[in-house]
Amino acid sequence: MTAADEAKVLAATPTRLLIGGVWQDAAEGRKFDVLDPSTGSTLVAVADAGPEDGIRAIDAAAAAQDAWAATAPRKRSDILRHAWEAVQERRDDIALLMTLEMGKPIAESLGEVTYGSEFLRWFSEEAVRITGRYGVNPEGTGRTIVSQHPVGPCYLITPWNFPLAMATRKIAPALAAGCTVVIKPAELTPLTTLYVAQLFQEAGLPDGVLNVVPTTKAGALTEPILNDRRLRKLSFTGSTAVGVKLLQQAAVNVLRTSMELGGNAPFVVFEDADIDAAVEGAMLAKFRNIGQACTASNRFLVQESVADEFAEKLTARVSALPIGRGTDDGVRIGPLINEAAVKKAEDLVQDAVNRGADVRIGGGPIDRPGTFYSPTVLDRVPADSEILRTEIFGPVVGIARFATEDDAVRLANNTEYGLVSYVYTKDLARGQRMIERLETGMMGLNAGVISNASAPFGGVKQSGIGREGGFEGIHEYLSTKYTMTPSPFA
Ligand code: NAP
């Protein structure tokens, strides 16, 4: 990638708000800088929406709702399909844009283009498969008709770690279901959403169906939107702390909610596992997205008899990870998103080391421009370490050892989160026991990556409510209506 490639994609990216099909400045005229985390330099300035803009976006979504809901499913499907095609045509540009604003290596950004755009294709296929049912009541005196309807205007809030996929995972099912949306991308990474919104316009999406409002004042923008009676649904992906606050706010209007929140994934390796496969899976589950994924394995629980072998092999792999700016060839580890993320990793590692953990490799920030933290492996992490309780969101492995299957289950479930769990074992019955015993919304059984547009993504406990993707995903944006009518033979 050359500097000219970077300048070209930045020049092609809208930097204003999209409201009612019109790209426009914020009402108060404010802008904010979007930074490159690998250098700290400014990429572009983006319009900074205020509460007034948020309400205008809801006006636009509400005005477009009835016509969009009445649009033929095949037409909605075709627009999503055209948007998928447009993303394929621009995949290199979108990947570069994501790397610039978020820092991940280009190869991973290309992977996210594939994964993230797949929601557009999957839900273009689902848009024409919304069904209901017709039945006879047990008494035989009536007929029951169950039908599905779009919930109405939706407000979508996304995080910075997967700038494309977190947006498409919400926009695509909402549009497929016949809902209009207002999306607020993360302040740190608004560019990918703005770019893709432009592609939706090219794909023929009517004005007002998709509105985009980047902001530096998430709370001030959001409150009046959630209080607006025309809004019907909030879909949020982000931290559990913010999710809890939004659920409280959403209660005022009894909004439908989908909550994709934080995780604390256990990665359990049993002594009967294929250790090489477990190491391979660990590299993916931990180091994808530089450890900044809700699905990132956060606690490595390894059976005592194989823990040394696992730790040694994993450390050897970690020592070979190329570090650098995400745009450079072959880089696997880019910068963390900001200084706060580096400080968090530093504090968690220091706490574990103070309590007695062994540092096998890494253990601190990297002395170079940008916000880099060295890939780290900690072994024999004591049970009371903060790192076993807190979402790390960085390239740090913490290994704790266990003796029996019951211990593994107890340790794995010892968290308020329940998003994803990884289990490595060659024993089929043990694998099945883990499916039944682990408190988790998703599981990788001998697999280090679980995300797929065709599967229902989501958590239990404080990891969230609802599912994104799969057959389930569109139902988050549909409400069920039941009609009783007398038997036609009465
Ligand atoms: P975050 O701080 O909770 O922010 C997420 C989004 O919420 C951002 O757009 C943020 O805006 C916005 N926000 C923050 N405070 C708000 C408020 N008072 N009202 C309305 N919106 C508000 O999380 P993050 O640091 O961006 O993302 C990392 C977290 O997301 C991790 O916990 C991770 O596990 C979770 N995550 C979960 C999933 C999943 O599917 N379960 C997927 C990815 C990430 P600003 O950017 O302006 O602050």
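Taking the options ALA265, ALA220, ALA277, ALA250, name whichever one is of a type outside the set (Lys, Arg), within 16 Å of the ligand (Cβ to nearest atom) and closer than 30 Å to ASP406 by Cβ. Spell out how you get there, then give the answer.
Values: ALA220 fails: closer than 30 Å to ASP406 by Cβ; ALA277 fails: within 16 Å of the ligand (Cβ to nearest atom); ALA250 fails: closer than 30 Å to ASP406 by Cβ.
So the residue among ALA265, ALA220, ALA277, ALA250 that is of a type outside the set (Lys, Arg), within 16 Å of the ligand (Cβ to nearest atom) and closer than 30 Å to ASP406 by Cβ is ALA265.
Looking only at the range 280-303, count every residue that is away from the ligand (no atom under 15 Å from the Cβ) and closer than 27 Å to ALA107 by Cβ and tell me the total. Spell out the reasoning first.
Taking the range 280-303 as the starting set, the residues that turn out to be away from the ligand (no atom under 15 Å from the Cβ) are 280-284, 287, 300-303.
Remaining after also requiring closer than 27 Å to ALA107 by Cβ: 280-284, 287, 300.
Final tally of qualifying residues: 7.
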Every residue from the range 57-70 that is buried (at least 19 other Cβ atoms within 10 Å of the Cβ) and not small (Gly, Ala, Ser): ILE58, GLN65, TRP68
Test: residue in the range 473-481 that is part of a strand (DSSP E or B) and either without any contact (Cβ under 8 Å) to a residue 24 or more places away in the chain or among the basic types (Lys, Arg) (or both): yes
Test for GLU187: is it in a loop (DSSP other than H, G, I, E, B) and free of Cβ contacts under 8 Å to residues at least 24 places away in the same chain: no
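Considering the range 389-421 alone, what residues qualify as being of a type in the set (A, V, I, L, M) and within 16 Å of the ligand (Cβ to nearest atom)? Steps first, answer last, please.
Just the residues of the range 389-421 that are of a type in the set (A, V, I, L, M), to begin with: 392, 396-397, 399-400, 403, 408-409, 411-412, 419-420.
Within the range 389-421, ILE392, VAL396, LEU419, VAL420 meet the criteria.
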Any hit, the range 192-204, residues being of a type in the set (D, E, K, R), in contact (Cβ under 8 Å) with a residue 24 or more places away in the chain and near the ligand (Cβ under 9 Å from one of its atoms): no
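Residues GLY473, GLY464, GLY448: which one is in contact with a Lys or Arg (Cβ under 9 Å, 6 or more places away or on another chain), farther than 30 Å from PRO138 by Cβ, within 15 Å of the ligand (Cβ to nearest atom) and small (Gly, Ala, Ser)?
Numbers: GLY464 fails: in contact with a Lys or Arg (Cβ under 9 Å, 6 or more places away or on another chain); GLY448 fails: within 15 Å of the ligand (Cβ to nearest atom).
Step by step, each of GLY473, GLY464, GLY448 is checked, and only GLY473 is in contact with a Lys or Arg (Cβ under 9 Å, 6 or more places away or on another chain), farther than 30 Å from PRO138 by Cβ, within 15 Å of the ligand (Cβ to nearest atom) and small (Gly, Ala, Ser).
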Filter result for ALA176 (small (Gly, Ala, Ser), buried (at least 17 other Cβ atoms within 10 Å of the Cβ) and in a helix (DSSP H, G or I)): yes
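Does CYS154 satisfy the criteria of being within 16 Å of the ligand (Cβ to nearest atom) and hydrophobic (A, V, I, L, M, F, W, C)? Give the steps one after another, and end with the answer.
Numbers: within 16 Å of the ligand (Cβ to nearest atom): yes; hydrophobic (A, V, I, L, M, F, W, C): yes.
So CYS154 passes the test.
Within the range 29-44, is there a residue that is over 30 Å from ILE290 (Cα atoms) and part of a loop (DSSP other than H, G, I, E, B)? Lay out the reasoning, then the answer.
Taking the range 29-44 and keeping what is over 30 Å from ILE290 (Cα atoms), we get 29-30.
Those still in the list that are part of a loop (DSSP other than H, G, I, E, B) too: 29-30.
Yes, the conditions are met somewhere in the range 29-44.
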Residue within the range 117-124 that is touching a helix residue (DSSP H, G or I) at 6+ places or on another chain (Cβ under 8 Å), of a type outside the set (A, V, I, L, M, F, W, C) and without any contact (Cβ under 8 Å) to a residue 60 or more places away in the chain present: yes
Condition met for LYS170 (within 11 Å of the ligand (Cβ to nearest atom), modelled with pLDDT of 95 or more, outside any loop (DSSP other than H, G, I, E, B) and out of contact with any strand residue (DSSP E or B) (no Cβ under 9 Å at 6 or more places or on another chain)): no
Near pairs, Cβ below 8 angstrom, 6+ apart or cross-chain, from the range 264-288 (basic (Lys, Arg)) to any residue that is in a helix (DSSP H, G or I): ARG288/GLU108
Candidates PHE119, PHE200, filtered to the one that is at pLDDT 95 or above, in a helix (DSSP H, G or I), of a type outside the set (D, E, K, R) and more than 20 Å from GLY470 (Cα to Cα): PHE200
Only one of VAL22, VAL46 that is crowded, with 21+ Cβ neighbours inside 10 Å and either of a type in the set (A, V, I, L, M, F, W, C) or under 26 Å from the mean Cα position of the chain (by Cα) (or both): VAL46
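Evaluate the following for ASP274: is it touching a helix residue (DSSP H, G or I) at 6+ places or on another chain (Cβ under 7 Å) and more than 27 Å from GLU112 (Cβ to Cβ)?
Working: touching a helix residue (DSSP H, G or I) at 6+ places or on another chain (Cβ under 7 Å): no; more than 27 Å from GLU112 (Cβ to Cβ): yes.
Spelling it out, it is not the case that ASP274 is touching a helix residue (DSSP H, G or I) at 6+ places or on another chain (Cβ under 7 Å) and more than 27 Å from GLU112 (Cβ to Cβ).
Okay, residues lined up against (1) crowded, with 22+ Cβ neighbours inside 10 Å; (2) β-branched (Val, Ile, Thr); (3) not in a strand (DSSP E or B):
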| site | (1), (2), (3) |
| --- | --- |
| PRO214 | yes, no, yes |
| THR222 | yes, yes, yes |
| LEU226 | no, no, yes |
| ARG229 | no, no, yes |
| PHE267 | yes, no, no |
| GLY281 | yes, no, yes |
| LYS286 | yes, no, yes |
| CYS294 | yes, no, yes |
Total residues in the range 231-246, condition of a type outside the set (D, E, K, R) and either part of a strand (DSSP E or B) or away from the ligand (no atom under 11 Å from the Cβ) (or both): 5
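The values are calculated or read from the model by the stated rules, or taken from the named source; none is laboratory data. Bear in mind that the values here come from a model prediction, so they are computed numbers and not experimental data. Methodologically, a virtual Cβ is constructed for each residue, glycine included, from the backbone with ideal geometry; neighbour enumeration extends over all protein chains shown.
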